[in-house]
1. Amide H to amide H under 5 Å from residue B:299: which residues, 5+ apart in sequence or cross-chain, H placed 1.01 Å off N in plane?
2. Can you pull the mean other chain C-beta count within 10 Å for peptide B:31-42?
3. Between residue B:277 and residue B:11, what length in nm is gained on full extension when 0.36 nm per residue of separation is reduced by their alpha carbon distance?
4. So for A:195, B:199, fewest C-beta neighbours within 10 Å to most, what's the order?
5. Taking a threshold of 20 Å on the Cα-Cα distance, which of the pairs B:62/B:214; B:115/B:184; B:15/B:355; B:62/B:227 fall above it?
6. Could you quote the convex hull projected area for region B:243-362, Cα atoms only and averaged over all directions, in nm²?
7. Peptide A:189-198: average number of partner chain Cβ atoms within 10 Å per residue?
8. Take the alpha carbon atoms of region B:44-69, find their center, do the same for region A:101-117, and report the distance between the two centers in whole angstrom.
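Since every read-out is calculated from the coordinates, none of them should be taken as a lab result. No experiment lies behind these values; they were computed from the predicted model shown. For neighbour counting, all protein chains shown are included, and Cβ atoms are generated from backbone atoms with ideal geometry for every residue, glycine included.
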Amino acid sequence: MKGKKLQTLSFFLSPMIIMVGLFYLIPLIFTIYISFTKMKNWNTEKYLSEVVGFYNYQRLFHMFQHDPMIKAILLTTVIFVGITLIINVLGGLLLALGTFFVNESSASAIRLLWLLPRMSPIAVYSLVWYYFFHGSDIGTLNSILMKLGAISTPIPWGQMTPWGAWSVIIFVNGLVGVSFGMIVFTSSLNQIPKELVIAARVDGASAWQISRRILIPLTKWHFLYVLTWQFLSLLTTYPHLFLLVEWDLVNRDYGTTLALYVFNTAFGRGEQDQGLAAAAAVILSIIGILGGFVTLKVLQFERMIHEPRGDIE
Amino acid sequence: MMGMVGITLEEITKKFGNFTALNKINLKIEDKEFMALLGPSGSGKSTLLYTIAGIYKPSSGKIYFNDKDVTETPPKDRNVGLVFQNWALYPHMRVFKNIAFPLELKKSSRNEIEKKVREVAKMLHIDHLLDRYPWQLSGGQQQRVAIARALVKEPDVLLLDEPLSNLDALLRLEVRAELKRLQKELGITTIYVTHDQAEALAMADRIAIIREGKILQVGDPDEVYYKPMYKFVAGFLGSPPMNFIHAEVEGGNIRIYQSKISVPKQYREIIKRLEITEVLFGFRPHDAEIIRGEREGIKGEVYSFEPLGREQIVTIAVNSDVFVKVFAPEGEHFSFGEKVTIVPNEERVILFDKKTEKALEYFP
Ligand SMILES: Nc1ncnc2c1ncn2[C@@H]1O[C@H](COP(=O)(O)OP(=O)(O)O)[C@@H](O)[C@H]1O
Ligand SMILES: [Mg+2]
């Protein structure tokens, strides 16, 4: 009996285990190993076996403490992840709630509009905002404001540190991320029996009261899911940031997060320092794992997952 | 306690796109009346109920509560209590909160909420369940909570949308009696939607039969049962349903396949006046006798018989593909293929026009 159960279990789990092992665990172990070596410029022959202990970590922590660029990057990471996360999750929720109360055809149009950023290629999408926030008078925002007479000379938005740069990267990524929450929340709202809403309306509840007292509590589960998911993806995302920084739209220090720093250090121009990048990547992973774990724990995700739907043997 | 409210529906039409869900509904519900809205699934019952509640706006027509036109009044100002088939309890609120919710929305004081919730919970025998979540309750208990939530705000009108159909048969009978009594005790104008004819007959003061968005007949249970206006009404009420057989009128007689019986007294004049030659001959399974030997009646062969305790249902083939059901007393013995004669109770026979399926006595 037990053997059979194990067999079934391994049958269903093996694809997953292979995937996780191949694409996550092995690279992770490899990364951890590299973080303890002197690996540079992908020169595996020379450095792969040169174990240096915690040297890379010591360097990194020294930089955390003393290198203004790294300090800026850390601060940027915190601000970027924090604020974009709030915008993503709350924006998605607001959009889902908003479209819940309008008729279906306008709701679909609104949803499609918000999906556009997600559907367009990263380069195209980033290019749109590159021109929008461009620091010269070809920038859409600048030209509009100048035409309106609000400003007389163009403002280099992304080069104004720190908040100018932060605002641009938060805006651009915030817009992309909203659609994810919107879709998850919309589908969860649509699963709430419509009689619950009708009952509340007959009893005199406004759209706001219906949202606050009924809809939001009933999407709690999805809320936690979106929150955790977006947190982890914001912590590790860098493609948009990479382009915006490379194109000089935003300030390098205040437009770079830890994820982009890892990428640049490992694969960027100039000297590539994979040992240092790996150490930073390990720290980023630890933050991600801790963060994810704390979210799950604090918000009792686990308990909710385990709430039984009948006894399962 | 409750105000006096009669409801008048005037030419109510409701369209969803091109689809007409309600078609010129005219209906008057008296103050304190228990009106059942009876019809098959998809006939527009819920739509009508939601229109009365104000959830849907009619495409045309008017709704009056007493003399007041409420067609444009939002749901919250109509003071109606609504109970759903699936009960629609808020799963994240305890029973107390569920019942208190309408009062909280009305901004009642804490004390008043406490008092009223306990009062109504006691009335419905759920005062020991106030701390539970809906999923910790049985179906019958959830249903009581739903009714309590609808009653707690002392509505002028109680609207019930198939509130018993998710309960098992035995419990349904019990709650049925209790609900009827509660309605009379509270004296609250009630519209009760159901597709279960037995429920409508048992509980309502009057029944409105609805099909495809149109009201076919309104009357008290006796009236719609014994004097159905349409074949549909006759067939929908009563179980097993009324028998309908194709028949031809020949002078003073009616020919039903090989048999010939005289036209029932009450129809002689109408048939002559309308010069009708084809009818549907209708009689209920309880309104006929099975006879052996020669008598005027409908001849047939016993096809099957099902004892039901105190009586049995006998299915008789009048023709190779025409069957009727007739009740017989428990002691009587039948055998398959036995030749018998069905003698309908003349007074209870109902003749319908073949084309319009309307009962002949309702022809002008
Ligand atoms: N919101 C709606 N949009 C479109 N069609 C609807 C809507 N609500 C009900 N209908 C249609 O109207 C008809 C009557 O529905 P309903 O009132 O729910 O029937 P009942 O309650 O008698 O089963 C059905 O054919 C249903 O498909
Ligand atoms: Mg219905």
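1. Here the answer is B:259, B:342, since their amide H atoms fall under 5 Å of that of residue B:299.
2. Average per residue, whole number: 0.
3. 92.2 nm
4. A:195, B:199
5. Details: B:62/B:214 16 Å; B:115/B:184 23 Å; B:15/B:355 28 Å; B:62/B:227 29 Å.
Going by Cα-Cα distance, B:115/B:184; B:15/B:355; B:62/B:227 fall outside the 20 Å limit.
6. 7.5 nm²
7. 4
8. 30 Å
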